[in-house]
Amino acid sequence: MFNDKQIFYMILVTGATGHFGNAVIEFLLKKGVPASNISALARDSAKAEALKAKGVTIKIGDYDNYSALMQAFKGVDQLLLVSGSDLEKRGKQHENVVKAAVEAGVKHIYYTSIDRKSDNAEASPIALVMKTHLDTERHIKSSGMAYTLLRNNIYADMIPMFLGEQVANTGVFFPAGEGKVAFATRENMAEATAAVLASREHQNKELVFSNTDSISFGDIAAMLSDTLGTKIPYVNPTAEDFAQALSSAGVPAPIVTMSVEWAEAFKQGTFSQTSTDLEKLLGRKPTTVKEYLSGVYSS
């Protein structure tokens, strides 16, 4: 919380009706930032009604509409760019946001990037994902605005998607080898992001939002075994066998390809780096993967 003499600046959060953007706004409000100093960029006003009811200003626009972005960013001091979900269009969309921010006079831009072991995007199993993030970082650094890059690791919230709905019957069937990931929860990352925005510190810095330890999918199987009270084995198939199993189960081809690529990135240790940045901003240890999985699967 902040004292009565705290000076607040206009903050705009993009992707505000998505899970992450919405959570950041909720944490800003909890930290004492007045709703009158928060704007939310949304594509659909109906989805932003809950935020509007709390006093947050709603700006309508999307990353493809440059003129709408320009209008939305007028009077904004701090802009949180939450990375888009359309991989094919994301590079151009982010470029639109950065250019519009410069033209509108935004003073400080924050970006939800991705943590990684290497900046060699072309060599990554998830090359397009990496390239769009790295390109956006370069645009931001050359924009002239103050910046803060938030290098987010993989959400623990994504683990159930990788495990599948039948994990209790099939075991952890995933070709990630012994590769480790410093998973952290989306909620922890959103809370830390709100702390950074509210502090107005960390100018021209990169923060790494990873957990303080990294784990393998074999570790995840052991955690699930404890939570469910039954042995959950870890099966590490070849990428080919994994793809075939998904295809036979009716999983669409693009999802199969994406799953194989992410598994290989995990196997290579792309996201194994730990960090204490998240812990420092939260003022406590981040939620562990075991705690997260217990909350999801114990019910």
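Largest GNM mean-square fluctuation across Asp119, Asp86, Asp157, computed for the chain with C-alpha springs under 10 Å, falls on Asp86. Going from the residue with the fewest nearby Cβ atoms within 10 Å to the one with the most, Met130, Met189, Met258, Met145 rank Met258, Met145, Met130, Met189. Once backbone amide H atoms are built at 1.01 Å from N, Lys59 has Ala40, Leu41, Ala42 as its partners under 5 Å, excluding neighbours fewer than 5 places away on the same chain. Across the alpha-carbon atoms of the chain, the computed radius of gyration and Dmax are 19.9, 62 angstrom. In summary, region 11-152 shows an alpha-carbon radius of gyration equal to 1.02 times the 2.2 N^0.38 Å reference for compact globular proteins.
Where in the chain are the helices, taken as whole DSSP H runs, whose Cα atoms extend 24 angstrom or more along the long axis and whose Kyte-Doolittle mean reaches at least -1.0? Qualifying helices: 87-104. In this structure the amide hydrogen of Thr185, modeled in the peptide plane, comes within under 5 Å of the amide hydrogens of Ala156, Thr287, none closer than 5 places in sequence on its chain.
Ignoring everything except DSSP H segments at least 4 long, calculate the 222 nm mean residue ellipticity for the chain; use -39,500 (n - 2.57) per segment, divide by total residues, nearest 500. Only helices count here, giving -13000 deg cm²/dmol.
Here the Karplus curve 6.51 cos²θ - 1.76 cosθ + 1.60, taken at θ = phi - 60°, turns the phi angles of region 37-53 into couplings of 9, 10, 10, 10, 8, 9, 7, 10, 4, 4, 6, 9, 4, 5, 5, 4, 5 Hz, with x standing for Gly and Pro. Among His19, His108, His133, the ranking by other beta carbons within 10 Å of each residue's beta carbon, starting with the fewest, stands as His19, His108, His133.
Put the Cα centre of region 153-219 next to the Cα centre of region 9-82 and the gap is 24 Å.
Every number in this text was worked out from the coordinates using simple rules, so none of it is lab data. These numbers were taken from a predicted model, which means no experiment stands behind them. Positions of Cβ are generated from backbone atoms using ideal geometry, with glycine treated the same way; all protein chains shown enter the neighbour counts.
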